């Protein structure tokens, strides 16, 4: 069993900052697509590429062999997959559900079991790489599910990502994404603090970046988000409110495992402060604004 262009019908639920690029890559590879998203205007780009609109996630599944979803919160996943008009309700035996939302590992297992009872396969496959990674089809895809199903989806993964790794059974992809978000959370604090130090010391930030971004202090966040911070561009590649959700899931899982993660807890509090200051719909690198406010610096006004 291989799902491939020309013979496999895909469905796509959720066409936000990342989803619309990911879906577009599959269409460009030759997959036919049926799509649904809450705000229909965000589907315009993929509809222009030949995708077909459906009025509900259930209707998407009725026209598809493989249904992908990437939405905002676990409650959204539950609605669009397990709800009365959700994708599972429209699936037939042999179909596959692929949730690429960053969500709860326990929900991934619940969906897997509910799908299995209907003869449907389910895979959790959250991604990392942000808006640029989605646009350039070089996402890291962390996958949980049955090995044969994951392998059969190979042509789909290859259309969207570069680092494609099955981590284990259902929920394993989501657990791996929690590792990813934990690493990013504390790392972003360091990026913000480093640039704030450079600014306060009177250094030219672009020149500082030339020295530090390629050395031992370099990181993906510094190279990709540092220039945006310097340019005061806090447009979202990934929303603050969604990152807070991710950190909350990771902290809950850590608590369940009796694991202390004080760095993650600190990052969660700082991002919560940013949201309280009105930054919930900005990009995650807008943490710089909350960090600057701690020292009474007006970062945006400089």
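The values are calculated or read from the model by the stated rules, or taken from the named source; none is laboratory data. Since we're looking at a predicted model, the values are computed, not measured. Glycine also receives a Cβ, built like all others from the backbone with ideal geometry; neighbour counts cover every protein chain displayed.
Taking the stretch 1-88 and the helices (runs of 4 or more DSSP H) fully enclosed by it, the elements with 1 or more residues that are in contact (Cβ under 8 Å) with a residue 40 or more places away in the chain and at negative phi are at 19-28, 57-62, 74-77.
Can you find a residue that is closer than 30 Å to residue 232 by Cα and at pLDDT 95 or above anywhere in the stretch 142-159?
Within the stretch 142-159, none of the residues are closer than 30 Å to residue 232 by Cα and at pLDDT 95 or above.
Filtering 275, 228, 281 for residues that are within 22 Å of the chain's Cα centre (by Cα) and closer than 20 Å to residue 199 by Cβ leaves a single hit, 228.
Taking the stretch 243-260 as the range and being in contact (Cβ under 8 Å) with a residue 24 or more places away in the chain and either surrounded by 20 or more Cβ atoms within 10 Å (Cβ to Cβ) or closer than 11 Å to residue 181 by Cα (or both) as the test, the residues that pass are 243, 244, 245, 246, 247, 249, 250. Taken over the stretch 106-132, the residue count meeting the criterion of being in contact (Cβ under 8 Å) with a residue 60 or more places away in the chain and either surrounded by 24 or more Cβ atoms within 10 Å (Cβ to Cβ) or part of a strand (DSSP E or B) (or both) is 2. Scan the stretch 167-210 for residues that are out of contact with any strand residue (DSSP E or B) (no Cβ under 9 Å at 6 or more places or on another chain) and over 17 Å from residue 253 (Cα atoms) and the total you get is 25.
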